[in-house]
Amino acid sequence: MTDSSEKQCSIDWDINEAENRLILHLDEEFLGSAIYPVVIDPTVSGPSNTYDTYASRANPDTNYYLNNYLRTGKDEPYGIRRLFLKFNLPSIENKYPIKSAKIQIKLKSNSGSIGQFNYKRIITSWSSSAVTWWNSPDCESTEYHSSSVSNGILTIGGSDPTGIIPKMVRRWRVGLYPNYGIKLYYSDESSTSVWQTFYSSDYSDLTCHPKLIIEIYTGYSSYKKKPISDFYGGGTSGGNYIVLDGSELPVIYQSKLAIAVSRWNTYCSSSHFSIGTSDNKVIINNNIPGWGKYTPYSNHFLIEVSKTQIDQEKDWDDIIISVLEHEMGHALGIADNDDSSRVNAYRCTQMGYGRDRDTFLYPSNSDIYGVNDVWN
Ligand SMILES: [Zn+2]
């Protein structure tokens, strides 16, 4: 793994063959002094962890899984060729949100100019030794588009944490989707002189194999992971909207609640708060310990903030925003960063107990990655 100052630390790992898992052991000391974000590259490669093959329309009963290459596009005498790819995921503890994920395959040769590729998520089980054109797995109807080959590499997905591939990987990880990988094909399958050959996982040089690269965010010490169906307040008013009812708050608190709602919604693509009539009350309670409190119930939640505590401070009006954003983070499914030995998470996130509440007025990237990971 490498931190943002290019400092590196090796990772110990084990393979649990029974479960087909790669287990990474991360050095806590390195993580404690690292400059975030830290990139961990748990690349899985080799025939046992990567499954890839292609199918040929002109030879619809033939299986090609032992070929050391994969092909898309169209040619004579094979006709259209499409490929199928899946990866066993490394075991990454749930407390580490997935920041980004991408699949890379390396170009071996091609004919004609190369433009866009298309891909779909596979929804039925397959094995590389059995796939033929007639015996191809089924896919979701939604077609996604990937950019072209750059520097000899086709990259599917990228750095966007809300992108399609990270979304699939997160769902594969928690079992919301069975992990059957993707089908990949060229956007123009009309000309027999336009085709692309990629290295497969059977090629002798490991560095040429298809790769799934996952970047995880380790700056976050902990967060809650819930199934999406289990969210408080989400179901009552439709969609993913969480409606907050601050009608009993003093006017100044109501205006700060509107700011906190807009900051979560603006900076975090998975946050959908609104203000209205709801069982999700936001109230003043001066008897709670500390600044604020979040309490979940079976189908709603309660946010309480201590006006007495906040009023003691010079910048009390800003502190209201920080306290509300923190409690709203719980409503989105992320937990406290209350471990002071994890300095970054403790001091530099909205969920951190050690943050400066009068200046920490936006959700941090770490908070946002955590929430995106819960919801996507
Ligand atoms: Zn909290």
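Calculate the FRET efficiency for Ser111 and Thr62 from the Cβ-Cβ distance with a Förster distance of 22 Å, rounded to the nearest 0.05. Write down the numbers at each step before the final one.
Values: r = 21 Å, r/R0 = 0.96.
It comes out at approximately 0.55.
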Backbone HN-Hα couplings from phi across region 28-36 [Karplus 6.51/-1.76/1.60, Hz, Gly and Pro as x]:
4, 5, 4, 5, x, 9, 6, 9, 8
Which ordering of Asp52, Asp279 is given by a fewest-first count of other beta-carbon atoms within 10 Å?
Asp279, Asp52
Distance between modelled label sites at Ser341 and Ser127, nm, 7 Å Cα→Cβ extension
4.6
Calculate the spin-label point distance for Ser187 paired with Ser247, positioning each point 7 Å from the Cα along the beta-carbon direction, and give it in nanometres.
5.1
The rounded separation in angstrom of the Cα centers of region 246-290 and region 122-143 is 46
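Which trypsin sites (Lys or Arg not before Pro) in region 303-350 pass both tests, a DSSP loop state and at most 14 other beta-carbon atoms within 10 Å?
Details: sites: Lys307, Lys314, Arg342, Arg347; in loops: Lys314, Arg342.
Passing both the DSSP loop test and the Cβ count: Lys314.
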For region 310-323, just list the computed ³J(HN,Hα) in residue order, Karplus coefficients 6.51, -1.76 and 1.60, θ = phi - 60°, integers in Hz, with x standing in for Gly and Pro.
5, 5, 5, 9, 4, 9, 4, 6, 6, 4, 4, 4, 4, 5
So which of Lys7/Lys102; Lys7/Lys183; Lys120/Lys281; Lys120/Lys256; Lys74/Lys99 end up more than 32 Å apart, counting from Cα to Cα?
Lys7/Lys183; Lys120/Lys281; Lys120/Lys256; Lys74/Lys99
If I stretch the segment between Trp134 and Leu206 completely, what's the gain in nm (0.36 nm per residue apart, minus their alpha carbon distance), one decimal?
22.9 nm
Sort Glu28, Glu143 by Cβ crowding within 10 Å, fewest neighbours at the top.
Glu28, Glu143
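Readers should treat all values here as calculations from the given coordinates under stated rules, not as data from a laboratory. Please read all numbers here as calculations on a predicted model, not as lab measurements. Methodologically, a virtual Cβ is constructed for each residue, glycine included, from the backbone with ideal geometry; neighbour enumeration extends over all protein chains shown.
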